[in-house]
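Comments concern the structure below.
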């Protein structure tokens, strides 16, 4: 497993070791001991989530507040997405900056999104099966979000705005400045 730190402290791209032969492949998608050593942080995941979406579906940018904040380890099992993490830690030198990475069933990369980040993704393939681990349980009262098209963030979602499929709830999220 290789961990590549991004420009946002604590946010990392993880590339698992993949063993392939004529039968297919094998990989260890998660090992708590190795993960904690590599990210230099003790993270205990308590919930696994999965979503299936069609091309153009944009989910995000979401986060949990306060004691219900969540770190996430995200990956794509099948398909292709652009995954985005935005630093919303007010004391951070990279506050308001984002990283994006293409996650696919083929490249098997994962993104570790620590607490204090908003997260979202857009599906670039016909469909995508997206999986993520969370280190805290979901709490509806603590959910928050940032508008995907926040001018100050200026995220390049790759697809044209007319091709995006966005929930009504996500369309009315505030900008980072208005959180």
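Of the residues that make up region 21-29, is at least one over 24 Å from residue 127 (Cα atoms), modelled with pLDDT of 90 or more, out of contact with any strand residue (DSSP E or B) (no Cβ under 6 Å at 6 or more places or on another chain) and part of a strand (DSSP E or B)? Yes: one or more hits. Output yes when any residue across region 19-34 is over 16 Å from the mean Cα position of the chain (by Cα) and either closer than 29 Å to residue 96 by Cβ or crowded, with 17+ Cβ neighbours inside 10 Å (or both), and no when none is. No, region 19-34 has no match at all.
Within region 6-20, the residues that satisfy the criterion of being under 23 Å from residue 117 (Cα atoms), in a strand (DSSP E or B) and out of contact with any helix residue (DSSP H, G or I) (no Cβ under 9 Å at 6 or more places or on another chain) are 13, 15.
When you go through 138, 132 one by one, which is the residue that is in a strand (DSSP E or B) and surrounded by fewer than 24 Cβ atoms within 10 Å (Cβ to Cβ)?
Step by step, each of 138, 132 is checked, and only 132 is in a strand (DSSP E or B) and surrounded by fewer than 24 Cβ atoms within 10 Å (Cβ to Cβ).
Checking 3, 84, 76 one by one, the residue that is part of a strand (DSSP E or B), touching a residue at least 12 places away in the same chain (Cβ under 8 Å), touching a strand residue (DSSP E or B) at 6+ places or on another chain (Cβ under 7 Å) and farther than 15 Å from residue 132 by Cβ is 3 and no other. For region 21-59, the set of residues classified as at positive phi and in contact with a helix residue (DSSP H, G or I) (Cβ under 7 Å, 6 or more places away or on another chain) consists of 56 only. Of the listed requirements (1) in contact with a strand residue (DSSP E or B) (Cβ under 8 Å, 6 or more places away or on another chain); (2) in a loop (DSSP other than H, G, I, E, B); (3) loosely packed, with under 14 Cβ neighbours inside 10 Å, residue 91 misses just one: (1). On the given criteria, is residue 57 within 15 Å of the chain's Cα centre (by Cα) and over 22 Å from residue 88 (Cβ atoms)? When the stated conditions are applied, residue 57 passes them. Quick one: how many residues across region 88-135 are closer than 19 Å to residue 39 by Cα and over 12 Å from the mean Cα position of the chain (by Cα)? Residues that pass the stated criteria total 6. The condition (being in a loop (DSSP other than H, G, I, E, B) and either in contact (Cβ under 8 Å) with a residue 24 or more places away in the chain or surrounded by fewer than 20 Cβ atoms within 10 Å (Cβ to Cβ) (or both)) is satisfied by just one residue among 153, 111: 153.
The values are calculated or read from the model by the stated rules, or taken from the named source; none is laboratory data. These numbers were taken from a predicted model, which means no experiment stands behind them. Methodologically, a virtual Cβ is constructed for each residue, glycine included, from the backbone with ideal geometry; neighbour enumeration extends over all protein chains shown.
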